[in-house]
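Q: One structure follows; several queries about it will come next.
The values are calculated or read from the model by the stated rules, or taken from the named source; none is laboratory data. All values reported here derive from a predicted model rather than from experimental measurement. Cβ atoms come from the backbone with ideal geometry, glycine included; neighbour counts cover every protein chain shown. The protein model used for the area step is the full one, side chains on, heavy atoms only, and it has no ligands, DNA or RNA in it. Shrake-Rupley method; radii C 1.70, N 1.55, O 1.52, S 1.80 Å.
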Amino acid sequence: MQTHLAPEFKDTPEGAEAEAILRKCVHCGFCTATCPTYQILGDELDSPRGRIYLIKQVLEGEPVTRSTQIHLDRCLTCRNCETTCPSGVQYGNLVEIGRHIVDARVERPTTERTARWTLKEGLTSPVFGPALKLGQAFRPFLPKVLKNKVPARPDARAHRWPMRRHDRKMALLMGCVQPAMMPNVNSATARVLDAAGIQTLVADEAGCCGAIRLHLDDIEGARTQMRRNIDAWWPLVEGRTEHGPVEAIVMNASGCGVTVKEYPHTIAGDPAYAEKARRIAALTVDVSELLPGLVERLEDRVRPRGPTRLAYHPPCSLQHGQQLRGHVETGLAALGFEVELARSESHLCCGSAGTYSVLQPELAYALRDRKLARLGELEPAVIVSANVGCIQHLQTGTPTPVRHWIEVLDEAIA
């Protein structure tokens with residue numbers, strides 16, 4: 001694709017990056033076949049190819065309109081198009097650049113500004129946990145739109161953390177939303193690793209990975225959170241604690257995992273943190289990447305209880321963002337579970353996409369129902385996934401339990 005950047009973008013880092021991405025696009029349109037919003041809306045401007053044209057026009061100095069902003073907002077950033085693209089177009093990076101430029105030029109309506117501010121400040125705030133507990137206490141009386149976002153109160157097992165010490169040690173990111181919404185995912189991860197002879201360490205100062213602010217166009221706020229996490233993990237990485245160095249930094253929310261693995265890109269311009277970011281990213285693994293080794297250590301101890309038929313929804317941030325496929329299905333099958341992907345459209349987004357289900361509810365719920373229809377064809381006892389947002393979003397549309405696969409494995413360990 002030929003480009004002619006406007007002078008204001010021509011010699012800027014984001015202009016250079018965007019131009020390099022744009023020049024890879026060959027207009028083939030393969031991306032439209034796997035784009036969730038294009039599948040639903042059928043509008044070329046709500047496809048990756050259409051949004052690429054819109055961003056190109058912005059970078060070439062064409063007028064920026066509210067319509068441009070709306071089409072970019074409708075993108076889930078699922079990155080399915082990156083998996084499909086034969087030319088290696090890094091669409092995820094391009095759309096973030098485009099949104100940043102457009103948001104600086106088009107003022108949002110007051111209701112949108114308020115909603116976006118509330119999400120980026122509220123979800124990462126220390127008061128989120130207490131506020132969620134209050135919501136859980138009054139959950140039966142909440143309107144459906146709020147009840148959908150408030151999970152039921154977890155049982156006592158959610159807070160049982162293993163106390164044994166092991167020679168092998170790994171750090172775990174607890175996250176910002178997950179400790180309050182689904183605390184059992186973190187403790188189940190620690191228990192499974194403990195059963196495999198691995199001690200889980202937590203850096204208390206590490207918090208939100210930065211994804212929420214990054215995708216809500218608070219780039220500097222996201223970078224601040226990333227630097228804080230790097231500082232929090234660094235003593236564990238270098239072995240400057242009583243525990244010695246960790247061999248990995250484990251993510252059990254794939255949305256966090258893809259964000260941390262891309263720290264080197266997001267803070268590339270910071271000389272004080274660029275090299276540290278590369279080392280952090282190199283150590284970061286999704287917990288599913290550990291499954292081959294866990295199978296060898298756990299196969300004699302796993303006793304699946306009750307129905308073992310699982311339908312697995314691989315989050316976009318795992319299968320497209322991190323390009324990780326097959327680990328969960330293969331690992332759980334080796335441990336005695338019957339696991340299936342949806343027979344069709346397993347590559348499509350469920351509609352959660354971080355804060356998307358709040359900001360774009362109509363599209364999000366249409367995609368949720370479409371995903372649940374495909375998974376329901378399998379008649380599973382449990383639907384499993386690998387990201388807190390996907391799990392919560394899917395659960396709002398089905399009576400079938402939706403859980404993190406690590407919780408199911410944890411409960412099966414004798």
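Q: Inside the range 160-176, can you point out the residues that are open to solvent by 60 Å² or more (accessible area, probe 1.4 Å), under 30 Å from residue 279 (Cα atoms) and in a loop (DSSP other than H, G, I, E, B)? Steps first, please.
A: Initially, the range 160-176 is screened for residues open to solvent by 60 Å² or more (accessible area, probe 1.4 Å), giving 160-161, 163-165, 167-168.
Narrowing further to those that are under 30 Å from residue 279 (Cα atoms): 161, 163-165, 167-168.
Scanning the range 160-176 gives 161, 163, 164, 165, 167.
Q: Quick one: what pairs do we get from the range 390-404, first residue under 19 Å from residue 347 (Cβ atoms), second open to solvent by 40 Å² or more (accessible area, probe 1.4 Å) and assigned to a strand (DSSP E or B), C-beta under 9 Å, 6+ apart or different chains?
A: Going by the 9 Å Cβ cut-off, the qualifying pairs are 391/403.
Q: Hey, residue 72 hits all of (1) surrounded by fewer than 17 Cβ atoms within 10 Å (Cβ to Cβ); (2) modelled with pLDDT of 95 or more but one; which does it fall short on?
A: Just one mismatch for residue 72, condition (1).
Q: Mind listing whichever residues of the range 287-311 are basic (Lys, Arg) and surrounded by 12 or more Cβ atoms within 10 Å (Cβ to Cβ)?
A: Within the range 287-311, 297, 301, 309 qualify.
Q: Is it true that residue 252 is in contact with a helix residue (DSSP H, G or I) (Cβ under 9 Å, 6 or more places away or on another chain), crowded, with 16+ Cβ neighbours inside 10 Å, in contact (Cβ under 8 Å) with a residue 60 or more places away in the chain and within 24 Å of residue 317 (Cβ to Cβ)?
A: yes
Q: Scanning for something within 22 Å of residue 189 (Cα to Cα), buried (at least 19 other Cβ atoms within 10 Å of the Cβ) and not polar (S, T, N, Q), does the range 263-272 turn up at least one residue?
A: No, the range 263-272 contains no residue that is within 22 Å of residue 189 (Cα to Cα), buried (at least 19 other Cβ atoms within 10 Å of the Cβ) and not polar (S, T, N, Q).
Q: Right, something else. Restricting the range 186-231 to residues that are hydrophobic (A, V, I, L, M, F, W, C) and more than 21 Å from the chain's Cα centre (by Cα), which is nearest to residue 265 (Cα to Cα)?
A: Residues of the range 186-231 that are hydrophobic (A, V, I, L, M, F, W, C), as a first pass: 188, 190, 192-193, 195-196, 198, 201-203, 206, 208-209, 211-212, 214, 216, 219, 222, 226, 230.
With more than 21 Å from the chain's Cα centre (by Cα) added as a condition, the list becomes 192-193, 195-196, 198, 201.
Numbers: 192: 32, 193: 30, 195: 35, 196: 33, 198: 30, 201: 26 Å.
So the residue we want is 201.
Q: On to the next question. Taking the condition among the charged types (D, E, K, R), surrounded by 14 or more Cβ atoms within 10 Å (Cβ to Cβ) and at pLDDT 95 or above, does residue 66 pass?
A: Working: among the charged types (D, E, K, R): yes; surrounded by 14 or more Cβ atoms within 10 Å (Cβ to Cβ): no; at pLDDT 95 or above: yes.
Spelling it out, it is not the case that residue 66 is among the charged types (D, E, K, R), surrounded by 14 or more Cβ atoms within 10 Å (Cβ to Cβ) and at pLDDT 95 or above.
Q: Name the pairs whose Cβ atoms lie under 9 Å apart, with the first residue in the range 8-25 and under 16 Å from residue 269 (Cβ atoms), the second open to solvent by 100 Å² or more (accessible area, probe 1.4 Å) and in a helix (DSSP H, G or I), and 6 or more positions between them or separate chains?
A: If the second residue must be open to solvent by 100 Å² or more (accessible area, probe 1.4 Å) and in a helix (DSSP H, G or I), the pairs left are 15/8; 16/10.
Q: Tell me, which helices (runs of 4 or more DSSP H) lie completely within the range 23-93 with 3 or more residues that are farther than 23 Å from residue 255 by Cα and either of a type in the set (S, T, N, Q) or out of contact with any Asp or Glu (no Cβ under 9 Å at 6 or more places or on another chain) (or both)?
A: Values: elements: 36-41, 48-59, 66-73, 80-84.
Of the helices (runs of 4 or more DSSP H) lying wholly inside the range 23-93, those with at least 3 residues that are farther than 23 Å from residue 255 by Cα and either of a type in the set (S, T, N, Q) or out of contact with any Asp or Glu (no Cβ under 9 Å at 6 or more places or on another chain) (or both) span 48-59, 66-73.
Q: While we're looking at this one, here's another question. Being part of a loop (DSSP other than H, G, I, E, B) and surrounded by fewer than 18 Cβ atoms within 10 Å (Cβ to Cβ) is the filter here; which residues of the range 312-351 pass it?
A: If the condition is that a residue be part of a loop (DSSP other than H, G, I, E, B) and surrounded by fewer than 18 Cβ atoms within 10 Å (Cβ to Cβ), then 323, 325, 326, 336, 343, 344, 345, 346 are the ones that fit.
Q: If you take the residues in the range 123-159 that are under 17 Å from residue 391 (Cα atoms) and among the β-branched types (Val, Ile, Thr), which one is surrounded by the fewest Cβ atoms within 10 Å (Cβ to Cβ)?
A: It comes out as 145.
Q: A follow-up question, please. Please indicate, with yes or no, whether at least one residue in the range 81-90 is within 23 Å of the chain's Cα centre (by Cα) and more than 23 Å from residue 265 (Cβ to Cβ). Don't jump to the end; show me each part of the working.
A: If we filter the range 81-90 for residues that are within 23 Å of the chain's Cα centre (by Cα), which is where we start, we get 81-85, 88-90.
Subset that is more than 23 Å from residue 265 (Cβ to Cβ): none.
No, that holds for no residue.
Q: Please specify each residue of the range 220-233 satisfying the condition of being loosely packed, with under 15 Cβ neighbours inside 10 Å and farther than 21 Å from residue 179 by Cβ. Please lay out each step first, then the result.
A: Of the residues in the range 220-233, the ones loosely packed, with under 15 Cβ neighbours inside 10 Å are 220, 224, 231.
Within the range 220-233, 220 is the sole residue that qualifies.
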